Amino acid sequence: MGAERWVLHADMDCFFAAVEVLRHPELAGKPVLVGGDGRRGVVAAASYEARASGVGSAMAMTEAIRRCPVAVVLPGDHEHYGKVSARFMAILGELSPLVEPLSLDEAYVELTGSERRLGDPVVTAARLRSRIHDELGLWASVGLAPNKLAAKLASEAAKPTPDPRVPIPGPGVVVIRPSELTAFLQALPVRALPGVGPAAAEKLGRLGVGTVAELTQVGEASLRRLLGAAGARQLTALARGDDPRPVVASAPTKSISSERTFASDRADAGELEGVLARMADGVATRLRAADLSATTVHIKVRFGDFRLVTRSQRLEGPTDSTATIREVAWSLLSRLDLSPGVRLFGIGVSGLATAAPAQLRLDRLSVDEERTLDRTVDDVRRRFGSEAIGPARLVDGSGVREHGDQADKGVSDAAL
């Protein structure tokens, strides 16, 4: 007889919005929207305070503001969210080699057979949630169940409930044991099942089906007439809690990159060097958070006339050094004629592998000194926030460090 199967699903609560509140504590308790604020902008994330007004992800920002006119709207910082996500995934990776990310803020973890190393999976789930909060300052909702379907539904049940006054805390961790699976599922509305959208729910409603329990009482022949043979089979299996899908570890990361599009063309080399330094710092930080090193640095430049130029350089050895990545990227950029004006700039690294020491460079700090410096910076940021420390070149003449968007107005971030 095989080991009892346990699948964990961890889902960060209001991830983008929660990260912004962590960076801006004055926003705590206020409705926060992350996304584009133009006419065609959409909501990427909404805090629970905003959700209480009926705002949701993917809603048009104009409609979101109509529903919640007092909301604070932020453009988002996807480079920073990627850094936080890398730390989140690294924590999950310590539990099991089988981690299947679904997005930046959620993933499945296969815990089957982990009892000898980790102990009781139920205790492991609770400890995981506490550790995420202790290390990242963010809350996650955790579901633990016999399969992926039930684990995801359990994490949904663990979440807080939006309320106009203050979000109602959820349990944080919901565990569904095999003997409890049927009762848990039957209590759910049929809309909770994957693939049951408004149209399918309306059709099922005509049969008097509003809950999973009611769905199990409908004959498969009736479901076939309503949803077709394939749809009927799938829905019947889901209602029983049948889900044999394995947790599939994501393919190894092939590259880490970042790009910025400027609102107006930039030709000043000093200004571009500052932007490059900030982006190289972010890429290197993400490398170290994922315990990776790179062997190639590449840049991408789109000029005002829409010409696209890419350049790359293979390194002497693998590195995760901020200084090395910054210097190589600048050497590539500085060889280009920037006079036409730069519309978009990107920097990235590839040839990734598990972190290994770089070859010694005699013209500057030793490898050990560089690694110590980088990891000290990483530690300070974990403790005091990502803006607590950074490259000296991002400090202006008054001794004040420029921060993200404030340092470069009219710039938007996106993944390459």
(request) Please verify whether the range 60-67 includes one or more residues that are surrounded by fewer than 17 Cβ atoms within 10 Å (Cβ to Cβ) and in contact (Cβ under 8 Å) with a residue 24 or more places away in the chain. (result) no
(message) Given the options Glu180, Glu202, Glu259, name the one that is acidic (Asp, Glu) and in contact (Cβ under 8 Å) with a residue 12 or more places away in the chain.
(response) Glu259
(request) Specify which of the listed residues (Asp291, Asp268) is more than 30 Å from the chain's Cα centre (by Cα) and assigned by TED's automatic domain parsing to the domain that holds Val328. (result) Asp268
(request) Answer yes or no as to whether Ser222 is surrounded by 12 or more Cβ atoms within 10 Å (Cβ to Cβ) and in contact with a His (Cβ under 9 Å, 6 or more places away or on another chain). (result) no
(message) Ala201 - would you say it is surrounded by 12 or more Cβ atoms within 10 Å (Cβ to Cβ) and either of a type outside the set (Gly, Ala, Ser) or part of a helix (DSSP H, G or I) (or both)?
(response) yes
(request) Considering only the range 268-299, state which residues are touching a Ser or Thr at 6+ places or on another chain (Cβ under 6 Å) and surrounded by fewer than 18 Cβ atoms within 10 Å (Cβ to Cβ). (result) Thr296
(request) Those residues that are in contact (Cβ under 8 Å) with a residue 60 or more places away in the chain and of a type outside the set (Gly, Ala, Ser), I need them from the range 205-241; list them, please. (result) Leu238
(message) Suppose we filter the range 206-256 for residues that are among the aliphatic types (A, V, I, L, M), under 30 Å from Val297 (Cβ atoms), part of a loop (DSSP other than H, G, I, E, B) and touching a strand residue (DSSP E or B) at 6+ places or on another chain (Cβ under 9 Å); how many remain?
(response) 1
(request) Of all residues in the range 103-130, count the ones that are surrounded by 14 or more Cβ atoms within 10 Å (Cβ to Cβ), free of Cβ contacts under 8 Å to residues at least 40 places away in the same chain and outside any helix (DSSP H, G or I). (result) 0
(message) Of the conditions (1) within 30 Å of Ala150 (Cα to Cα); (2) assigned to a loop (DSSP other than H, G, I, E, B); (3) under 22 Å from the mean Cα position of the chain (by Cα), Gly54 satisfies every one except a single condition; which number is it?
(response) (3)
(request) With the checklist (1) under 12 Å from Phe16 (Cβ atoms); (2) at pLDDT 90 or above; (3) surrounded by fewer than 21 Cβ atoms within 10 Å (Cβ to Cβ) in hand, flag the one item Val34 doesn't pass. (result) (3)
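The values are calculated or read from the model by the stated rules, or taken from the named source; none is laboratory data. Predicted, not measured: the structure shown is a model, and the values here were computed from it. Please note: Cβ atoms are built from the backbone with ideal geometry, for glycine as well, and neighbour counts cover all protein chains shown.
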